[in-house]
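Trainee: One structure follows; several queries about it will come next.
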Amino acid sequence: MGKFVVKTRTNGEYQFNLKAGNGQDILASEGYTTKAACLNGIESVKKNAADASVEDTTA
């Protein structure tokens, strides 16, 4: 099962990574100035990505 990992960047910003069950990074977020904003970003991914479609523009 995957998990979200919140960390602090060297510049003091917060960032989250979405990790797969095997520990590999799937997604890295932008930097957030507050932890609350970072946690809100996680909630947004959870809410919006569950039903996201795939758009293939390579063809």
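Only the coordinates and a few stated rules stand behind these numbers; no lab work does. Source: prediction; values computed, not measured. Every residue, glycine among them, receives a Cβ derived from its backbone with ideal geometry; neighbour counts consider all protein chains shown.
Trainee: Just how large is the dipole of the chain about the Cα centre, in debye to the nearest 20, putting +1 at every Lys and Arg Cβ and -1 at every Asp and Glu Cβ? Mind dumping the intermediate values first?
Mentor: Working: 7 positive and 7 negative charges, 78 e Å.
Approximately 380 debye in magnitude.
Trainee: Averaging sequence separations of C-alpha pairs under 8 Å and six or more residues apart, then dividing by the length of the chain, give the relative contact order as a whole percent.
Mentor: Numbers: 69 pairs, mean separation 14.5, N = 59.
Here the relative contact order equals 25 percent.
Trainee: Gain in length, Thr33 to Asn48, computed as 0.36 nm per residue apart minus the alpha-carbon separation, to one decimal in nm? Can you show the working numbers first?
Mentor: Numbers: separation 15, 0.36 × 15 = 5.40 nm, distance 2.19 nm.
My answer for the length gained is 3.2 nm.
Trainee: Can you tell me the length gained on complete extension of the stretch Ile26 to Lys3, counting 0.36 nm per residue apart and subtracting the Cα distance?
Mentor: Working: separation 23, 0.36 × 23 = 8.28 nm, distance 1.00 nm.
Full extension of this stretch gives 7.3 nm more.
Trainee: Compute the angle between helix 35-49 and the longest alpha-carbon principal axis of the chain, please, reported from 0 to 90 degrees and rounded to the nearest 10.
Mentor: 10
Trainee: Same structure again: Debye sum, Cα scatterers, the chain, no solvent: what log₁₀ I/I(0) at q = 0.15, 0.20 1/Å?
Mentor: -0.51, -0.80
Trainee: Can you pull out the trypsin sites (Lys or Arg not before Pro) in region 4-35 whose DSSP state is coil and whose Cβ has at most 10 other Cβ atoms within 10 Å? Kindly include the intermediate steps, with their values, before the conclusion.
Mentor: Working: sites: Lys7, Arg9, Lys19, Lys35; in loops: Arg9.
Answer in residue order: Arg9.
Trainee: Let me have the 222 nm mean residue ellipticity of the chain computed from DSSP H runs of 4+ only, each contributing -39500 (n - 2.57), with the sum over all residues rounded to the nearest 500. Each step should come with its number before you reach the end.
Mentor: Numbers: 1 runs with 15 residues, N = 59.
Calculated at 222 nm, the ellipticity per residue is -8500 deg cm²/dmol.
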